[in-house]
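Worksheet: the structure to be examined is printed underneath.
The values are calculated or read from the model by the stated rules, or taken from the named source; none is laboratory data. Just so it is clear, the model here is predicted, and its values are computed rather than measured. Here the Cβ positions follow ideal geometry from the backbone for every residue, glycine too, while neighbour counts run over all protein chains shown. For the accessible areas, the whole protein counts, side chains as well, though only heavy atoms, and no ligand, DNA or RNA atoms are used. Shrake-Rupley method; radii C 1.70, N 1.55, O 1.52, S 1.80 Å.
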Amino acid sequence: MFSKPHIDIVKKIIFTEDAPFPVGPYSQAMLVKPESGETLYASGQIAMKCIEAGENNVTKQTEEVCGNVKSVLKAAGMQIEDVVKTTCFLADMSDFAEFNAVYEKHFAHKPARSCVAAKQLPKNAMVEVEIIAII
């Protein structure tokens, strides 16, 4: 019988003041460090500045969200090219083309992606993006 290899895993909560403070009981991101590398699981990012300013424009909200994602990555010592998977939520799927135009500028390396419509997002956001990154 074979035994499982032992892998030490260290978990670290990632927080940056350059992205919105969590609005619930969760972290902005969790960095997982097994022996073979690091994986970042980031919570969904929304455009808090746009929302607070009453900015109901999916292009502007997507730009802010992508900036927030980059801030969380930077706080973890990573960059946008380390993202391997995104999950994207849109409050209205008719905004898909406009969202996609901004998204592709920031995620030019084309990580795997899911994009779904959500009946309602936190704080009535128009877009939310969560990521998984690996180095």
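So that you can scan it fast, the table gives a plain yes or no per residue for (1) open to solvent by 30 Å² or more (accessible area, probe 1.4 Å); (2) within 26 Å of Val32 (Cα to Cα); (3) among the β-branched types (Val, Ile, Thr); (4) assigned to a strand (DSSP E or B):
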| site | (1), (2), (3), (4) |
| --- | --- |
| Cys50 | no, no, no, no |
| Lys60 | yes, no, no, no |
| Val84 | yes, yes, yes, yes |
| Ser94 | yes, no, no, no |
| Tyr103 | no, yes, no, no |
| Lys110 | yes, yes, no, no |
**Request:** Restrict the check to segment 116-132 and report whether at least one residue is open to solvent by less than 70 Å² (accessible area, probe 1.4 Å), part of a helix (DSSP H, G or I), hydrophobic (A, V, I, L, M, F, W, C) and at pLDDT 95 or above.
**Result:** no
**Item:** Conditions (1) under 30 Å from Val10 (Cα atoms); (2) hydrophobic (A, V, I, L, M, F, W, C); (3) modelled with pLDDT of 95 or more; number of the one not met by Val102
**Value:** (1)
**Item:** Hits in segment 8-30 (condition: of a type in the set (A, V, I, L, M, F, W, C) and in contact with a helix residue (DSSP H, G or I) (Cβ under 9 Å, 6 or more places away or on another chain))
**Value:** Ile14, Phe15, Ala19, Phe21, Val23, Ala29
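Checking the conditions here, which among Asn68, Asn56 is loosely packed, with under 14 Cβ neighbours inside 10 Å and modelled with pLDDT of 95 or more?
Asn56
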**Item:** Identity of the residue in segment 14-48, assigned to a strand (DSSP E or B) and small (Gly, Ala, Ser), that ends up farthest from Thr87 (Cα to Cα)
**Value:** Ala29
**Request:** Would you mind stating whether Phe89 is loosely packed, with under 14 Cβ neighbours inside 10 Å, within 17 Å of Pro122 (Cβ to Cβ) and either within 12 Å of the chain's Cα centre (by Cα) or among the hydrophobic types (A, V, I, L, M, F, W, C) (or both)?
**Result:** no
**Request:** Considering each residue of segment 28-42, count those that are open to solvent by less than 30 Å² (accessible area, probe 1.4 Å) and either closer than 21 Å to Phe15 by Cβ or modelled with pLDDT of 90 or more (or both), and give that number.
**Result:** 7
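Of the residues Glu55, Glu64, which single one is part of a loop (DSSP other than H, G, I, E, B) and closer than 14 Å to Val127 by Cα?
Working: Glu64 fails: part of a loop (DSSP other than H, G, I, E, B).
Result: Glu55 is the single residue among Glu55, Glu64 that is part of a loop (DSSP other than H, G, I, E, B) and closer than 14 Å to Val127 by Cα.
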